[in-house]
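The values are calculated or read from the model by the stated rules, or taken from the named source; none is laboratory data. Bear in mind the structure is a predicted one, so any value in this text is a computation, not a measurement. Positions of Cβ are backbone-derived with ideal geometry, glycine not excepted, and every protein chain shown enters the neighbour counts.
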Amino acid sequence: MKEYWVAEAVQSGGAPAIFLDKLSLVLGDKPLFDNLSMTIEGGQCTCILGPSGCGKSTLLHILSGTTYLPYQGTIRIDSEASVDGKIAWMSQNDLLLPWLSLLDNILLGAKLRNEESASLRGKARDLMGQAGLAGYEEELPATLSGGMRQRGALLRTLMEERPILLMDEPFSALDTLTRMKLQNLSAKLTKNATVLLVTHDPMEALRMGHKILVLSKRPSNVQRIIPLTGPPPRNVDDPEIQSHFSALLRQLMNGSNI
């Protein structure tokens, strides 16, 4: 059973931290997590790397509350009040509603809460311009490319301005140049939030994360922790990035070692 409660404050800029303590989960007859413990610092971006099937997406589903799985252990969210309304979640699928325009999809949260306003529509249009989506405001999702749909889903998540963001491969469908531009935009808009970002791309983790957690193969646990200095997004020529990239890539390619 999922359990949230107010924990002793470990915050940065008022954003809550997340604590996982000895999380264990068996799917079928095979363990997925085995006493998994980690801290997601408040006001920082924590990136999770690991081989396919190690439970990265499942972990985000559990934290978002979008699924119930009978795990053991505890999840604590450091917050002054209820966790309700504090989490925005972006899945691997864009989940755009096919009958709404791209702009209305981006504003979906505000629409559902009856909070839509001219200023919010203006903000959404501005973000669409920054994301290379100007001129596509009234297009339906079926008319858009996969990368454009993913950009729309990302902007929908960012428009929520929640203190906790759970992001599952948010840039995976984008070309290299667009990916870097959207990484820069996301880092700017989430600099005071608690972000947990799942990715398969070690360079993306090194650019975006304050800390990287590398998970092992099933049963999964934290195999390596890489703290990074300086605020994201980092330049790809940053010496710290270069010093970590090759070692991280080798580790991810050699699944027997992670």
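Descriptive notes on the structure:
- Whenever a residue of the stretch 196-225 is in the same structural domain as Phe33 (by TED's automatic domain parsing), its partners that are assigned to a strand (DSSP E or B) and small (Gly, Ala, Ser), lying with C-beta atoms within less than 9 angstrom and at least six residues away or across chains, give the pairs Pro219/Ser24; Asn221/Ser37; Val222/Ser37.
- Contacts under 8 angstrom Cβ, first residue in the stretch 25-47 being assigned by TED's automatic domain parsing to the domain that holds Thr67 and free of Cβ contacts under 8 Å to residues at least 40 places away in the same chain, partner exposed (fewer than 15 other Cβ atoms within 10 Å of the Cβ) and of a type in the set (S, T, N, Q), 6 or more apart: none
- Residue in the stretch 219-242 that is farthest from Met180 (Cα to Cα), counting only those that are β-branched (Val, Ile, Thr) and crowded, with 18+ Cβ neighbours inside 10 Å: Ile226
- Residue within the stretch 231-251 that is modelled with pLDDT of 90 or more, assigned by TED's automatic domain parsing to the domain that holds Thr46, at positive phi and not hydrophobic (A, V, I, L, M, F, W, C) present: no
- Failed criterion for Gly152 (all others in (1) in a loop (DSSP other than H, G, I, E, B); (2) touching a residue at least 24 places away in the same chain (Cβ under 8 Å) hold): (1)
- All positions within the stretch 181-218 that are closer than 13 Å to His244 by Cβ, among the basic types (Lys, Arg) and surrounded by fewer than 21 Cβ atoms within 10 Å (Cβ to Cβ): Lys211
- When Ala124, Ala88 are checked against the criterion of being part of a helix (DSSP H, G or I), in contact (Cβ under 8 Å) with a residue 24 or more places away in the chain and buried (at least 19 other Cβ atoms within 10 Å of the Cβ), Ala124 stands alone in meeting it.
- So Lys22, is it exposed (fewer than 15 other Cβ atoms within 10 Å of the Cβ) and part of a strand (DSSP E or B): yes
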